[in-house]
Amino acid sequence: MSTFRAIVFASVISGFIVGLIVTVVQQFGTVPLILKAEVFEKAAETHQHDAPPTAQPAAAGHDHAAHDHGDHDHGAGDHDHGAGGHDHGAGAWEPRDGFERNAYTAAANILTAIGFALLLAGLFAVRSGATGASVSWHEGLLWGLAGFAVFTLAPGLGLPPELPGVPAAPLLSRQIWWLAAVLATAGGLAMIVFRRSVPAAIAGVILLTLPHLIGAPELANIETNVPSSLTHQFVTAVTVTSLVFWTLLGGLTSAVFARFDQRV
């Protein structure tokens, strides 16, 4: 019971702190870029509404999973920036700019951080139970970096974060590829780090590269009035924010878990 309590307490405490910190970081990084992109998006929508109707296929929806929490693909949560998203339908509800939008963003960041902290704390419990020693904060930092590689870096190579107004491939195909990339990256890293043999290392490298050899789903032609420089800035900002998210989450979760875990 003490281990379960340590997992829950460590996840809630560290997730709440990291979620708030990442929310503040986003206010200076990803949020200004999103607001700029939304200006271009609304301008394009106004132009389309004013133009005479033509027989054109509907534009693909853009990704909003990364819009409000960077992160994360907390992220950060930013952790799914290429797989999530929805289409703006007529009359679709959106939080108002200002306090309401920031409050929903903070809530999403905190819940995302708590969810990933539960995953990390569970892994820490298994490791401490197997070794008989508490997981140190710098070991937790390494686990956080592994989370960054699995949930942000590897999927982002094929499905980079997207701003409003940038068309994307169909949602389902992106989600399938994103999940495959996450599972393959996690499995590849585990085989390389824990098996420590030449065949396992070779198999791990194959797993790491396989999703990228297959290739992520993408559109043949992308037409958008969002400047490419703005997109590049957004990808950089989301990646840096996610790195902050995972390093803080790994180090803090391990430290708090060690404080509450009474088995060792």
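The values are calculated or read from the model by the stated rules, or taken from the named source; none is laboratory data. All values derive from a computational prediction rather than experimental measurement. Here Cβ is always computed from backbone atoms with ideal geometry, including for glycine, and neighbour counts include all displayed protein chains. The area values use the complete protein model at the heavy-atom level, side chains included, leaving out ligands, DNA and RNA. Shrake-Rupley method; radii C 1.70, N 1.55, O 1.52, S 1.80 Å.
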Residue-span extension gain [ALA103 to LEU179] - 0.36 nm each, minus C-alpha spacing: 24.5 nm
Among 17-23, 176-182, 254-260, the order from most to least packed when residues are scored by Cβ within 10 Å on average: 17-23, 254-260, 176-182
Whole-number accessible area per residue in Å² for region 83-241, which is evaluated in the context of all protein chains at 1.4 Å: 54 Å²
